[in-house]
Amino acid sequence: MEHCKRATFKIGGRFTTLFELLIALFCVILLNSRSAAAPMMVENRLLVKPKLRVAEAAVRSLFLNRGAQEQGRIEQINVRIVNVPPGKLAIIMDALNRNPNIEFVEPDYLIEPDAIPTDPFYSFAWHLPQISAPSAWDVTTGSTNVIIAILDTGVDSSHPELTAKLVPGWNFYNDNADTSDLFGHGTPVAGAAAAASNNGQGVSSVAWNCLLMPIRISDTNGYGILSAMANGLTYAADRGARVANISFRASGSFTVSNAAAYFQSKGGVVTISAGNEAVFDATPDNPFVLTVSATDTGDVLASFSNTGNNIDVCAPGVNILTTAVGGNYGSGTGTSFSAPVVAGVAALVISANPSLSGAQVQDILKGSVDDVGTPGWDTSFGWGRVNAHRAVVSAIETPANTNAPPDTTAPSATITAPVAGSTLSDMVTININATDNVGVTKVECYMNGTLASTSSNASATLSWDTTAYPDGSYTLQACAYDLAGNMGSSAPITVSVQNVVTTPDITPPTVQITSPTNGTTVARSLKIYVAANDDVGVIRVDLLTDGKPFATSSSSLPVFTWNTGKLRPGPHTLQAVAYDAAGNHRRSSVVTIYR
């Protein structure tokens with residue numbers, strides 16, 4: 001994809017008057033315009049999560065049998081980064097999706113940053129009063145104990161508004177400590193969240209005093225990589241970050257969702273941009289992230305902003321004055337900038353009450369909004385536009401975790417398929433639906449009291465290969481868990497497995513006397529040949545002479561001997577009767593002989 005050239009102009013010194021600020025704004029840079037395109041993938045790479053309790057040897061064998069090789073893994077969430085042979089990605093992905101030992105598989109997508117062109121003449125920091133940031137700063141301007149991880153194209157560490165704010169991060173594209181911004185997207189995103197403020201120069205941000213952890217998750221073209229995002233989230237969580245921002249459209253990724261759940265379990269909050277294609281995203285809500293749409297100066301939805309089922313909150317995302325690479329300043333537009341605004345508000349909330357859990361911070365942000373859309377939640381604004389002052393006040397009023405009543409509400413779980421009493425065969429899909437007042441972290445399926453499968457999705461779809469189990473009756477039950485460890489279980493259901501179909505044998509044997517033939521004149525001794533056949537098997541052949549039982553054989557081709565010397569002269573009859581194991585029988589045609 002071609003990129004527009006960027007004009008960059010140094011804005012030196014301090015803004016001492018409004019006139020100087022307006023003059024400086026004539027020199028603001030334009031952030032790059034990115035057109036919507038079909039998602040790209042890292043070539044020949046998949047992200048695969050095996051199910052719980054699948055032996056490591058079985059996982060390796062599963063990959064090797066398809067010519068794939070594990071390149072690395074994200075240990076905290078057990079996701080494998082797998083290289084596949086050229087031209088085989090779709091085939092191997094389909095095969096792994098069908099395997100009952102795999103929880104999910106997805107390509108390692110490359111996702112473009114969410115930013116579009118902007119007007120450099122727009123007035124300074126209009127978005128901060130709109131979210132009531134000045135009133136929030138009367139309560140807190142942020143704490144240096146709160147770290148915001150910026151998962152992006154890197155951050156310019158030499159920028160005067162950022163250099164003193166940075167803590168060590170990591171470059172997951174090159175696997176080194178160089179988190180320089182080679183593309184120019186991460187630096188303005190970082191500045192929107194927590195550029196140095198109240199220092200007489202440059203721009204103001206939401207969370208003045210909070211620190212920033214630069215984590216590069218993109219290639220040199222600015223495209224974010226799902227595996228790098230997940231690695232970045234677990235890295236930041238393990239190093240004390242309480243907020244993470246991803247200004248890429250990644251809410252629907254299973255891998256990123258698993259990593260966000262891990263980040264939340266460590267007390268953190270993840271903000272993700274909704275995207276700028278002006279489309280409706282039908283992706284279900286992700287309970288482990290805040291997906292952010294963008295509003296404009298009129299407090300209405302920005303024309304470019306995506307909408308959808310996954311929108312949690314909205315924030316200003318048009319003409320956001322912020323930092324830029326090379327010590328410059330620029331104005332940015334897109335959900336790339338509404339997401340870090342929310343990240344900054346989340347950092348203020350945690351600064352006001354560090355004891356809050358990640359889930360509590362999410363609830364506070366969603367519960368303290370200005371409801372600018374349809375009353376209640378809607379697909380454009382989510383719960384509403386963030387209000388920083390109301391959020392920090394709510395944080396202070398929220399009891400600390402140590403004193404607050406613990407979450408004792410257990411999730412609910414329901415097996416929606418198969419239905420109780422059904423008879424199953426071959427490969428069966430087990431559908432489980434779980435809900436919780438905070439969020440479901442794990443779903444388990446038990447079969448006759450033994451754990452059979454696990455999923456990290458609240459709406460779990462599990463595969464059951466019934467051919468590996470004996471025919472008979474089975475009891476299925478689902479269990480769901482939340483972050484507090486509460487467990488709820490479904491009502492058990494009983495189903496039957498029947499893969500060996502038994503059809504009643506109702507077909508009788510065929511039988512005939514092959515010798516002697518009808519009308520034969522016999523001498524003193526006669527050999528009688530019979531041929532019988534059955535679709536299952538002949539178990540007995542009886543010979544009748546003159547209508548009375550004469551002899552019996554267990555062979556299907558018996559030969560009987562009849563001493564006819566004492567028979568009266570004249571006609572005599574022969575008839576054979578064949579039987580099978582089901583009791584079916586059939587008589588042959590009568591053969592008449594003469595003595």
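Kindly list, by first and then second residue, each pair from a residue in segment 462-474 that is in contact (Cβ under 8 Å) with a residue 12 or more places away in the chain and within 18 Å of residue 104 (Cβ to Cβ) to a residue that is of a type in the set (Lys, Arg) and surrounded by fewer than 16 Cβ atoms within 10 Å (Cβ to Cβ), limited to pairs with Cβ atoms under 8 Å and residues at least 6 apart or on different chains.
463/98
Could you tell me whether segment 523-546 includes any residue that is in a loop (DSSP other than H, G, I, E, B), in contact with an Asp or Glu (Cβ under 9 Å, 6 or more places away or on another chain), within 30 Å of residue 422 (Cα to Cα) and not acidic (Asp, Glu)? Spell out how you get there, then give the answer.
Our first condition is that a residue be in a loop (DSSP other than H, G, I, E, B); within segment 523-546, this holds for 523-524, 534-537, 546.
Imposing the further condition that a residue be in contact with an Asp or Glu (Cβ under 9 Å, 6 or more places away or on another chain) reduces the set to 534-537.
The next check asks that each one be within 30 Å of residue 422 (Cα to Cα); those that pass are none.
Checked segment 523-546: no residue is in a loop (DSSP other than H, G, I, E, B), in contact with an Asp or Glu (Cβ under 9 Å, 6 or more places away or on another chain), within 30 Å of residue 422 (Cα to Cα) and not acidic (Asp, Glu).
Considering 372, 392, 349, 341, which residue is in contact with a strand residue (DSSP E or B) (Cβ under 6 Å, 6 or more places away or on another chain) and under 17 Å from residue 243 (Cβ atoms)?
Testing whether each residue is in contact with a strand residue (DSSP E or B) (Cβ under 6 Å, 6 or more places away or on another chain) and under 17 Å from residue 243 (Cβ atoms) leaves just 341.
Identify, from the list 169, 142, the residue that is surrounded by 22 or more Cβ atoms within 10 Å (Cβ to Cβ) and within 18 Å of residue 388 (Cα to Cα).
Details: 169 fails: within 18 Å of residue 388 (Cα to Cα).
Just one listed residue meets the conditions, 142.
Which condition breaks for residue 255 when tested against (1) without any contact (Cβ under 8 Å) to a residue 60 or more places away in the chain; (2) within 25 Å of residue 73 (Cβ to Cβ); (3) buried (at least 24 other Cβ atoms within 10 Å of the Cβ)?
Result: residue 255 passes all but (1).
Here's the yes/no breakdown for (1) among the aromatic types (Phe, Trp, Tyr); (2) surrounded by 12 or more Cβ atoms within 10 Å (Cβ to Cβ):
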position: 527; (1), (2): no, no
position: 530; (1), (2): no, yes
position: 533; (1), (2): no, yes
position: 550; (1), (2): yes, yes
position: 556; (1), (2): no, yes
position: 560; (1), (2): yes, yes
position: 578; (1), (2): no, yes
position: 583; (1), (2): no, no
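Which ranges mark the strands (runs of 3 or more DSSP E) fully within segment 428-495 that have 3 or more residues being modelled with pLDDT of 85 or more and not assigned by TED's automatic domain parsing to the domain that holds residue 255? Please lay out each step first, then the result.
Details: elements: 440-447, 450-455, 459-465, 472-482, 487-489.
In segment 428-495, the matching strands (runs of 3 or more DSSP E) lie at 440-447, 472-482, 487-489.
So which of 143, 158 ends up being touching a residue at least 24 places away in the same chain (Cβ under 8 Å), over 16 Å from residue 205 (Cβ atoms), in the same structural domain as residue 197 (by TED's automatic domain parsing) and more than 33 Å from the chain's Cα centre (by Cα)?
158
For segment 497-515, which residues satisfy the criterion of being in a loop (DSSP other than H, G, I, E, B) and either more than 22 Å from residue 540 (Cβ to Cβ) or in contact with a Leu (Cβ under 6 Å, 6 or more places away or on another chain) (or both)? Steps first, please.
Residues of segment 497-515 that are in a loop (DSSP other than H, G, I, E, B), as a first pass: 498-509.
Scanning segment 497-515 gives 498, 499, 500, 501, 502, 503.
Of the residues 333, 295, 323, which is hydroxyl-bearing (Ser, Thr, Tyr), crowded, with 24+ Cβ neighbours inside 10 Å and in contact with a helix residue (DSSP H, G or I) (Cβ under 6 Å, 6 or more places away or on another chain)?
When all the criteria are applied, what remains is 323.
With respect to residue 260, is the statement that it is among the aliphatic types (A, V, I, L, M) and farther than 22 Å from residue 187 by Cβ true?
yes
If I ask for residues that are in a strand (DSSP E or B) and more than 16 Å from residue 79 (Cβ to Cβ), which ones from segment 225-245 would you list?
Answer for segment 225-245, where residues must be in a strand (DSSP E or B) and more than 16 Å from residue 79 (Cβ to Cβ): 243, 244, 245.
Based on this model, can you work out whether residue 353 counts as more than 25 Å from the chain's Cα centre (by Cα), surrounded by fewer than 22 Cβ atoms within 10 Å (Cβ to Cβ) and without any contact (Cβ under 8 Å) to a residue 60 or more places away in the chain?
On the way: more than 25 Å from the chain's Cα centre (by Cα): yes; surrounded by fewer than 22 Cβ atoms within 10 Å (Cβ to Cβ): yes; without any contact (Cβ under 8 Å) to a residue 60 or more places away in the chain: yes.
Yes, satisfied.
Which condition breaks for residue 331 when tested against (1) at pLDDT 90 or above; (2) out of contact with any Lys or Arg (no Cβ under 9 Å at 6 or more places or on another chain); (3) under 27 Å from residue 154 (Cβ atoms)?
The single condition residue 331 does not satisfy is (1).
The values are calculated or read from the model by the stated rules, or taken from the named source; none is laboratory data. Just so it is clear, the structure is predicted and the values come from calculations on it, not from any experiment. Reconstructed Cβ throughout: ideal geometry from the backbone, glycine too, with neighbour counts over all protein chains shown.
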